[in-house]
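Everything on this sheet refers to the single structure shown next.
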Amino acid sequence: MSRTLVIGDIHGGLRALKQILERAEVTQNDTLIFLGDYVDGWSESSQTIQFLIELSENQECIFIKGNHDAWTEDWLSFGNEPDVWLFNGGKSTVESYADYSLDQLETHLEFFQRMKNYHVDDENRLFIHAGYSSMHGPEKEVYSSNYRWDRTLWETAVAMDKRLEKTSELYPKRLLLYNEIFIGHTPTLYIGIGTPVHKANVWNMDTGAAFTGTLSIMDIDTKEYWQSDLLTSLYPDENGRNNDHVRPKNRI
């Protein structure tokens, strides 16, 4: 039997990725949808990308592009190293590529370039890294960067009155466009929860793997999910993105 499984933000935590694939007993018959931010955090960013490239050769994988992936793509393409990127996990990504050949770097760049901005399946379920601001959906988005940066979709879902019916004129129009929406980008730890969170028709799969949380994978049909160990325990000699010079509210 085949399943479709969705995976949250990895941030260079390859050990956690391998762990959840094993715990979910993933087979080559399963389709894997990754919500972005594969890099920037723990020490195995380039190794994570290499692992995903090889994984996609053996089974169907859909890779959504996150904001950290866009930064890394710019670095691989043009050598751009903005401080905001380096201070938010980019430094560990640059270091992880230290021994790569030009051919290997080109292969990884092509992988980043092939990533999708978003994906909509046959059941009208949207998979996107962050969100979108247009009431007409991501295909009508004026600024494509919102796919990777927008937090208003999640904030709207979190702040909604649970009693609000979909038939109400007050129900957010953006949320009515899809049966379900799966996102990452904003750690559920920010609202004090360490598991995938369901608000309105939005599922947030970023359970804080970049920081002190775990990496999560979910069966999109049954909603059964599996989680890794805490990333701080998998990488005990590293800080990930838990850097003293970046206050939590300023992390991006």
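The values are calculated or read from the model by the stated rules, or taken from the named source; none is laboratory data. What you see is a predicted model, and the numbers here were worked out from it, not measured in a lab. Heads up, the Cβs are rebuilt from the backbone with ideal geometry, glycines too, and the neighbour counts pull from every protein chain shown. We work out accessible area using only protein heavy atoms, side chains counted, and drop any ligands, DNA or RNA first. Shrake-Rupley method; radii C 1.70, N 1.55, O 1.52, S 1.80 Å.
From the set of residues in the stretch 33-70 that are in contact with an Asp or Glu (Cβ under 7 Å, 6 or more places away or on another chain) and among the hydrophobic types (A, V, I, L, M, F, W, C), which is nearest to SER233 (Cα to Cα)?
Per the stated criteria, the residue is TRP42.
If I go through the stretch 19-32 residue by residue, how many of them are within 18 Å of TYR235 (Cβ to Cβ) and of a type in the set (A, V, I, L, M, F, W, C)?
2
How about the stretch 21-62: which of its residues are open to solvent by less than 10 Å² (accessible area, probe 1.4 Å) and among the polar types (S, T, N, Q)?
SER45, SER46, THR48
State whether the residues of the stretch 229-238 include one that is without any contact (Cβ under 8 Å) to a residue 60 or more places away in the chain, part of a loop (DSSP other than H, G, I, E, B) and exposed (fewer than 14 other Cβ atoms within 10 Å of the Cβ).
yes
Looking at ILE193, ILE181, can you tell me which residue is closer than 20 Å to LEU126 by Cα and either modelled with pLDDT of 95 or more or of a type in the set (Gly, Ala, Ser) (or both)?
Result: ILE181 is the single residue among ILE193, ILE181 that is closer than 20 Å to LEU126 by Cα and either modelled with pLDDT of 95 or more or of a type in the set (Gly, Ala, Ser) (or both).
Tally time: how many residues in the stretch 143-173 are within 21 Å of GLY36 (Cα to Cα) and among the basic types (Lys, Arg)?
2
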